[in-house]
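Inspection log for the structure reproduced underneath, given as structure tokens.
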Amino acid sequence: MLFLMLGGVFFAACVITMLRFKLRLNIGVFGALLFSGVTTFIFSVDKKTAFLGLDGWRMGFLSFLFIIFFACVLSDGIEVKRAYATVLLIPFAISILAILGRFGIYPLGVSASDGSFLSTIGNINWFTAYLSIFVPFGVGIAATKKRFSLEFFICETYVIAGTVALLVQGSESGLLIIAGTYLLLLFMGLSDRELFKAFLIQLFTLGIAMASVYLLIFFFGKRYTYEDNLLIRLCMHHIGIVLMALALFVYRLTRFMEEVSYQWKKNLYKKFFFVLTIIGAVAAAIFIFGIYGDDFGNGRGIIWRMSLDMYAGLDPFRKIVGVGQDCFYSYAYGNPFWSESFINVFDGNRLTNAHNMYLTLLIENGAIGLLSYLFVFGHVLFKLIKAEDKKKHAAVICALPIFAYLINGLVSFSTVVSTPYAFLLLGYSLYITKEESSDITQDQARE
């Protein structure tokens, strides 16, 4: 509700400013999303819920309009420069609160009696989605700072705090965020030796964060307020020290190759990257297939199966336009068959989405909604990855959180503490990759 109220204030302020100075709003590629959103709302099964969003959730058409509008405003060009420095103070403070909370210390007393809630964000899934934006965002900023400067060390401190919060929060989907962030940074670094060295430094920082978690669990493990999980086990098996050693070795090797004037063969390195990534993806798919079942991913297996069955049962028109923005619950529990099924399976607990952003989009916004979503994100990421060298730093800062958000979406969902930030980054990405925005140089990106 706070997002809707503040969003309304800023929306009104922007509109008045645009009318006063006769500015034009450039919708651009967001037109595809806007068209699908309007179409879905017109044919939604519950107009009130589709417009305002489900209570306690509020990701309806109104939120969607605000998000698209602000992204369009940024895509027309607003210089942010040092503004992010103050923005990062909030996720830094929230990360510290979350770490303390995981060890039974609640300075603010927020939901202290409920281990599934963290910091001021709340539910672990919401908090993980929040970190899927702000941890990669910090990694991107740290990677583009002048190495070993004061600002560099300040940014590294932020990255360590955010990463430790991500590692101890309890959701194993944090591994997807970490993998997506560092794999994309590695891929972009293969095009540039200096950016590759920045990747190695960030890998070392990740090792420091994992080693820090090891020490926290070693000394204060009895105070840890959540159950054992994959990320904690990785930290306790000294993976952090391995990453630090690996990063130092490859960094020194890279420096040696530079000293002997060895040519940087980016095309060859990218081929190796693609081959290894495909092998890793196939191995992961085989492993997941072997353990997949209804209880997979804390019950996501059965949620996905029932959601797919629900989509398959929609009439052809509904499959195209969906049941309505944020209307997963309204449709499912308004249908006698699915209502009984969900109540029986989830013991009366309310299921508000498919716990997979893409499957939720498919049901709520239909095929046109999902395709337009993928088109916009894919288009922006492609432009960022292909950005010219003088815009590369700004492109890295934007690309990492956008990609991590998409990866986390495989097991998560849209919320007001993550989705608006992803779209703000989309809008700013379109601005920095414009041909006429050649003034956004490396130095400005560092600022």
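The values are calculated or read from the model by the stated rules, or taken from the named source; none is laboratory data. A quick note: this is a predicted structure, and the numbers were derived from the prediction, not measured. Because the Cβ atoms are built from the backbone with ideal geometry, glycine has one as well, and the counts that use them run over all protein chains shown. Accessible surface is based on the protein model in full, side chains and every heavy atom, while ligands, DNA and RNA are left aside. Shrake-Rupley method; radii C 1.70, N 1.55, O 1.52, S 1.80 Å.
A few remarks follow.
- The one condition from (1) in a loop (DSSP other than H, G, I, E, B); (2) within 18 Å of residue 418 (Cβ to Cβ); (3) open to solvent by less than 60 Å² (accessible area, probe 1.4 Å); (4) out of contact with any Phe, Trp or Tyr (no Cβ under 6 Å at 6 or more places or on another chain) that residue 64 does not meet is (1).
- Close pairs from segment 246-269: first open to solvent by 80 Å² or more (accessible area, probe 1.4 Å), partner not in a helix (DSSP H, G or I), Cβ under 7 Å, at least 6 apart: 266/190; 266/191
- Filtering 396, 380, 345 for residues that are buried (at least 22 other Cβ atoms within 10 Å of the Cβ), more than 26 Å from residue 66 (Cβ to Cβ) and hydrophobic (A, V, I, L, M, F, W, C) leaves a single hit, 396.
- The listed residue being touching a residue at least 12 places away in the same chain (Cβ under 8 Å), out of contact with any Gly (no Cβ under 9 Å at 6 or more places or on another chain), open to solvent by 30 Å² or more (accessible area, probe 1.4 Å) and closer than 23 Å to residue 395 by Cα, out of 186, 150: 186
- Any hit, segment 8-18, residues being in a helix (DSSP H, G or I), touching a helix residue (DSSP H, G or I) at 6+ places or on another chain (Cβ under 7 Å) and without any contact (Cβ under 8 Å) to a residue 40 or more places away in the chain: no
- Identity of the residue in segment 170-183, open to solvent by less than 20 Å² (accessible area, probe 1.4 Å) and either touching a Leu at 6+ places or on another chain (Cβ under 6 Å) or among the charged types (D, E, K, R) (or both), that ends up farthest from residue 155 (Cα to Cα): 174
- Positions within segment 32-55 being touching a residue at least 60 places away in the same chain (Cβ under 8 Å) and in a loop (DSSP other than H, G, I, E, B), in sequence order: 43, 44, 45, 46, 53, 54
- Some residue of segment 118-125 being open to solvent by 40 Å² or more (accessible area, probe 1.4 Å), within 18 Å of residue 353 (Cα to Cα) and either of a type outside the set (A, V, I, L, M, F, W, C) or at pLDDT below 95 (or both): yes
- Residue match in segment 396-414 (condition: more than 12 Å from the chain's Cα centre (by Cα) and outside any loop (DSSP other than H, G, I, E, B)): yes
- Residue satisfying all of: in segment 16-52; β-branched (Val, Ile, Thr) and in contact with a Ser or Thr (Cβ under 7 Å, 6 or more places away or on another chain); least open to solvent (accessible area, probe 1.4 Å) among these: 49
- Helices (runs of 4 or more DSSP H) fully within segment 160-278 that include at least 1 residues being touching a Cys at 6+ places or on another chain (Cβ under 9 Å) and either at pLDDT 95 or above or of a type outside the set (Phe, Trp, Tyr) (or both): 193-220.
- Only residues that are without any contact (Cβ under 8 Å) to a residue 40 or more places away in the chain and of a type in the set (D, E, K, R) were counted across segment 285-326, and they come to 5.
Every residue, every condition in (1) at pLDDT 95 or above; (2) buried (at least 19 other Cβ atoms within 10 Å of the Cβ), yes or no:
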{"residue": "340", "(1), (2)": "no, no"}
{"residue": "371", "(1), (2)": "yes, no"}
{"residue": "404", "(1), (2)": "yes, yes"}
{"residue": "415", "(1), (2)": "no, yes"}
{"residue": "434", "(1), (2)": "no, no"}
